[in-house]
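See structure below.
The values are calculated or read from the model by the stated rules, or taken from the named source; none is laboratory data. Here the structure is a predicted model, which means the values were calculated and not measured. Virtual Cβ from ideal backbone geometry, glycine too; neighbours counted across all protein chains shown. Areas reflect the complete protein model, heavy atoms only, side chains present, ligands, DNA and RNA absent. Shrake-Rupley method; radii C 1.70, N 1.55, O 1.52, S 1.80 Å.
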Amino acid sequence: MKIATDIPNRMVFDLELAKPIPDGRNGRPNWDAAPKCGISVLCGWPAQQMYPYTWLLDNERLPRVFLTEDHAAKQFAKADGVVSWNGASFDNKVMKVAAPEAYDAYIEMKHVDLMAICALIGAGVDPDKIAQGVPEDWQKLANTLSGGFLSKGWGLDGVAKTTLGSAGKMEGMGGAMAPKAWQQGRYSEVASYCAGDVALTRALYVHAWVEGWLESPENGRVDIPREVL
């Protein structure tokens, strides 16, 4: 990968829930309840920095952890925007409730949601409409949205493997399994999983900045102009 010396100083971030998402009336996960599940791990990696930050925010299970959200807020405030994978419509909502200090530090900044960008541009949305950042209701921008599954085929694991030729996400763990593992006391595994996802997202952001594209194994390649990054 080429070295990008001119890349913006975005904070690439991801989080894991502290408690499993409860089932709704239809027996499926009630994603609207996610903000009430708390945050176990929040990981942030500035695009211009060589190392990430990992914050453990679950004071219920780790009562001796102090001031981690305050430190996170200070680091987010130093960035000139944030980068996520499906963060605009998910992580933002969780952060607003579970880590409001950190949320307030970045919410007015540009949000580069790489998954949403791929899905929107792939669906034919003009990149100019997301040049200032991806809104939480980004799926409404796509006229070709069918059944609410515009993001299908744009999973982090598949895109990382296809675009970067990497091994993909950490095996044996997943977004749904992470809160269960956290409740079992497998703290280091959850923290490693979260950091791994941030590392992949950061690598994809750098690749998009340098090479100008990302690729899905199902949906093919999408050209991404720098103005959206």
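Which whole-Hz ³J(HN,Hα) couplings does the range 31-43 yield from phi under the Karplus relation 6.51 cos²θ - 1.76 cosθ + 1.60, θ = phi - 60°, glycine and proline marked x?
Karplus values, whole Hz, x for Gly and Pro: 5, 5, 8, 4, x, 7, 8, x, 10, 8, 10, 10, 10.
Can you give me the long-range amide H partners of Asp14? Hydrogens built in the peptide plane at 1.01 Å from N, cutoff under 5 Å, separation of 5 or more residues or another chain.
Amide H neighbours of Asp14: Cys43.
³J(HN,Hα) across the range 156-162 via Karplus (A = 6.51, B = -1.76, C = 1.60, θ = phi - 60°), whole Hz, x for Gly/Pro?
Once θ is set to phi - 60°, the couplings for the range 156-162 become 4, 4, x, 5, 5, 5, 6 Hz.
In whole Hz, with x marking every Gly and Pro, tabulate ³J(HN,Hα) for the range 196-208 from phi via Karplus 6.51 cos²θ - 1.76 cosθ + 1.60, θ = phi - 60°.
Rounded to whole hertz, the list is x, 5, 5, 4, 5, 5, 4, 4, 5, 5, 4, 4, 4.
Which of the GluC sites (Glu not before Pro) found in the range 1-103 are in a DSSP loop and have at most 10 neighbouring Cβ atoms, other than their own, within 10 Å?
Working: sites: Glu16, Glu60, Glu69, Glu101; in loops: Glu60.
Passing both the DSSP loop test and the Cβ count: Glu60.
Tell me the mean residue ellipticity at 222 nm calculated for the chain from its helices only (DSSP H runs of n ≥ 4, each -39500 (n - 2.57), averaged over every residue, nearest 500). Can you show the working numbers first?
Working: 7 runs with 74 residues, N = 229.
The helix-only estimate for the chain comes to -9500 deg cm²/dmol at 222 nm.
Using every alpha carbon pair in the chain, what percent of pairs falls into each 5 Å bin from 0 up to the bin containing the largest distance?
The distribution over the chain is 1, 7, 15, 19, 21, 18, 12, 6, 2, 0, 0, given as percents.
Over the heavy atoms of His71, what accessible area does a 1.4 Å probe trace out, to the nearest 10 Å²?
70 Å²
Sequence-distant or interchain residues sharing an amide H contact under 5 Å with Ser216, placed H: which?
Arg221, Val222
Let me know the charge dipole size of the range 51-165 about its Cα centre in debye, to the nearest 20, where only the beta-carbon of Lys, Arg (+1) and Asp, Glu (-1) is charged. The partial results should precede the final answer.
Numbers: 11 positive and 15 negative charges, 55 e Å.
Computed about the Cα centre, the dipole is about 260 debye.
For the range 75-91 and the range 13-68, what is the separation of their Cα centres, given in Å?
14 Å
Just to check, using Stokes-Einstein with a Kirkwood Rh over alpha carbon pairs, what's the diffusion coefficient of the range 42-120 at 37 °C and 0.692 mPa s in µm²/s? Each step should come with its number before you reach the end.
On the way: Rh = 13.2 Å.
D, rounded to a whole number, is 248 µm²/s.
Antiparallel versus total DSSP beta bridges in the chain: what percent is that, nearest 5? All intermediate terms of the calculation are to be shown ahead of the outcome.
Working: 16 of 21 bridges.
Here the share of antiparallel DSSP bridges comes out near 75 percent.
Return a single number: how many Lys pairs in the range 1-148, at a sequence separation of 8 or more or on separate chains, have alpha-carbon atoms below 22 angstrom apart.
Lysine pairs meeting the criterion: 19.
Rounded to a whole number, what % of the accessible area of the range 72-147 do carbon and sulfur atoms account for, probe 1.4 Å? Before the final figure, lay out the partial values.
Numbers: 1520 of 3280 Å².
Result for the range 72-147: 46 percent of the exposed heavy-atom area is carbon or sulfur.
For the pair Ser188 and Val97, how long in nm is the line joining their label points, each one 7 Å along Cα→Cβ?
With each label point 7 Å from Cα toward Cβ, the separation is 3.2 nm.
Ignoring ligands, DNA and RNA, what accessible area per residue does the chain give at 1.4 Å, in Å²? Don't skip to the end; give the middle numbers.
Numbers: 11230 Å² over 229 residues.
I get 49 Å² per residue for this part.
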